[in-house]
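Each reported figure results from applying straightforward, stated rules to the coordinates on display, with no laboratory input. Just so we're clear, the structure is a prediction, and the values are computed from it rather than from any experiment. Using ideal geometry, Cβ is built from the backbone for each residue, glycine included, and neighbour counts are taken over all protein chains shown.
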Amino acid sequence: MKQVLKVEGMCCHHCAEHVEEAALKIEGISKAKVNLRKGELKVVYDNEPDWNALKEAIKQAGYEVK
């Protein structure tokens, strides 16, 4: 399954990498890809992840999920 989240505060490739790495640490998420132009994170998951944990991981990385 796929889910797209709006993420604010990303401005470069390094920001995108931080967000993707944070997402991939969450159990159940198998892929994470940022679209900087759209300010979006697309995650692919096999098992329903803990969405609150994902949002918190992104927040801890320095970004905000809308």
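Seen against the Cα atoms of the chain and their longest principal axis, helix 13-24 is set at about 20 degrees.
For Glu40, the residues whose modelled amide H falls within less than 5 Å of its own, excluding neighbours fewer than 5 places apart on the same chain, are Val7, Asn35. Here each label is just a point 7 Å from Cα along the line to Cβ, and for Glu17 and Lys42 those points are 2.2 nm apart. If a spin label sat at a point 7 angstrom from the Cα of Asn35 along the line to its beta carbon, the backbone N atoms of segment 48-66 nearer than 18 Å would be those of 65-66. Using θ = phi - 60° in the Karplus curve 6.51 cos²θ - 1.76 cosθ + 1.60, the 3J(HN,Hα) couplings for segment 52-66 round to 5, 5, 5, 4, 5, 5, 5, 4, 5, 7, x, 10, 10, 8, 9 Hz; x is entered for Gly and Pro.
Taking the helices alone, the chain has a mean residue ellipticity at 222 nm of -10000 deg cm²/dmol, built from -39,500 (n - 2.57) per DSSP H run of at least 4 residues and averaged over all its residues. May I ask you to derive the relative contact order of the chain, considering only C-alpha pairs under 8 Å and at least 6 residues apart, and to give it as an integer percent? Relative contact order of the chain: 42 percent.
The charge dipole of the chain, taken about its Cα centre with unit charges on the Cβ of Lys, Arg, Asp and Glu (plus for the first two, minus for the last two), comes to roughly 320 debye. Going through [x] -0.31, -0.36, -1.05, -1.33; [y] -0.43, -0.49, -1.22, -1.39; [z] -0.39, -0.45, -1.13, -1.31, the figure that equals log10 I(q)/I(0) by the Debye sum over Cα atoms at q = 0.14, 0.15, 0.25, 0.28 Å⁻¹ as computed for the structure here is [x]. Computed from phi, the 3J(HN,Hα) profile of segment 36-41 under the Karplus parametrisation 6.51, -1.76, 1.60 (θ = phi - 60°) reads 4, 4, 8, x, 10, 10 Hz, with x in place of Gly and Pro.
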